[in-house]
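**Student:** Below you'll find the structure I mean.
The values are calculated or read from the model by the stated rules, or taken from the named source; none is laboratory data. All values reported here derive from a predicted model rather than from experimental measurement. Please note: Cβ atoms are built from the backbone with ideal geometry, for glycine as well, and neighbour counts cover all protein chains shown. Each accessible area value is taken on the protein alone, full model and side chains, heavy atoms only, with ligands, DNA and RNA left out. Shrake-Rupley method; radii C 1.70, N 1.55, O 1.52, S 1.80 Å.
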Amino acid sequence: SLNLAYDGTVALILPETVLAVGDYAFYGLKFNSVGLNNAKTIGNYSFYNNKFTRINAGNVTSVGDYAFYGTPATTLATGNLQYIGNYAFANATNLFSISMGDIKRIGDYAFDNTPNVAKVYMNSTNTIEANGQENIDLEVGTKALFNSWGNYVDGRLRVYVPDGTTIHGTTYLSL
């Protein structure tokens, strides 16, 4: 359904039965907000150059190439996200805070030109052993992270990874 507000903003609310958003589905349509509800997969270029200020995709596990390219979102909240495509959030120049699920792959240039990112929360606790060392099991593409980041509040990027679970939930260790 589409909701047109008095101020001219357009909100897209996907029905609970929609589990996937196809490639180019809402390419360049300039929605101000979207309710992804039960969607698990966001296809390539699905919301390219839309006007979201917040991307709340709690059930989404996979985001395709260029899916949210150029959106002015400040917050990306994804509790179950595992796969991020190439350039998926590139040129989201207002993006400040990113919360990811048990992330497995971040594609090439996924967060390219996102200079305002200050906080990244990663829930990935799966590890693998390589060369006698334990590492987080995460595939990171070419210049996927920490490329063109740096205009944060005090000049420091904060990456938070799980440091254990308390009765209040996961606590984060700041790196």
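**Student:** Can you tell me, using C-alpha contacts under 8 Å and at least 6 residues apart, the relative contact order of region 29-95 as a whole percent? Mind showing how you got there, number by number?
**Tutor:** On the way: 185 pairs, mean separation 20.7, N = 67.
Over region 29-95, the number comes to 31 percent.
**Student:** So with the 1.4 Å probe, I'd like the accessible area per residue for region 1-121, rounded to whole Å². Don't skip to the end; give the middle numbers.
**Tutor:** On the way: 5090 Å² over 121 residues.
On a per-residue basis, region 1-121 sits at 42 Å².
**Student:** Let me ask something else. What does the net charge come to around Gly85 if you take all other residues with beta carbon closer than 15 Å to its beta carbon, with K and R at +1 and D and E at -1?
**Tutor:** Residues near Gly85 contribute -1 overall.
**Student:** Which order do peptides 98-111, 11-24 fall in by mean Cβ count within 10 Å, highest first?
**Tutor:** Averaged packing, sorted descending, gives the order 98-111, 11-24.
**Student:** Here's something else I'd like to know. Give the Kirkwood hydrodynamic radius (Å, one decimal) of region 26-110, defined as one over the mean of 1/r across all pairs of different Cα atoms. Don't jump to the answer; show the numbers that get you there.
**Tutor:** Numbers: mean 1/r = 0.0826 Å⁻¹.
Answer for region 26-110: a Kirkwood hydrodynamic radius of 12.1 Å.
**Student:** Give, as a single signed number, the net charge of other residues whose beta carbon lies under 9 Å from the beta carbon of Lys143, with Lys and Arg counted +1 and Asp and Glu -1.
**Tutor:** -2
**Student:** Dipole size in debye (nearest 20) for region 30-137 around its Cα centre, Lys and Arg Cβ +1, Asp and Glu Cβ -1?
**Tutor:** Using Cβ point charges on Lys, Arg, Asp and Glu, region 30-137 gives about 540 debye.
**Student:** Indicate the gyration tensor shape class of region 11-59 (rounded, prolate or oblate), computed on the Cα atoms with a ≥ b ≥ c the square roots of the eigenvalues: a/c under 1.5 is rounded; otherwise a/b larger than b/c is prolate and the rest oblate. Before the final figure, lay out the partial values.
**Tutor:** Values: a/c = 1.79, a/b = 1.23, b/c = 1.45.
Oblate is the answer for region 11-59, as a/c is 1.5 or above yet b/c matches or exceeds a/b.
**Student:** What does the charge count near Lys104 come to, summing +1 for each Lys or Arg and -1 for each Asp or Glu among other residues with Cβ under 9 Å from its Cβ?
**Tutor:** Result for the local shell: -2.
**Student:** Which of the peptides 88-95, 50-57, 66-73 is most tightly packed, and how do the rest follow, judged by the mean count of other Cβ atoms within 10 Å per residue?
**Tutor:** Answer by packing, highest mean first, reads 66-73, 88-95, 50-57.
**Student:** Give me, ordered by chain and number, the residues 5 or more places off Tyr121 or on other chains with an amide H under 5 Å from its own placed amide H.
**Tutor:** Close amide H contacts, sequence-distant or interchain: Ile98, Ser99, Met100, Tyr160.
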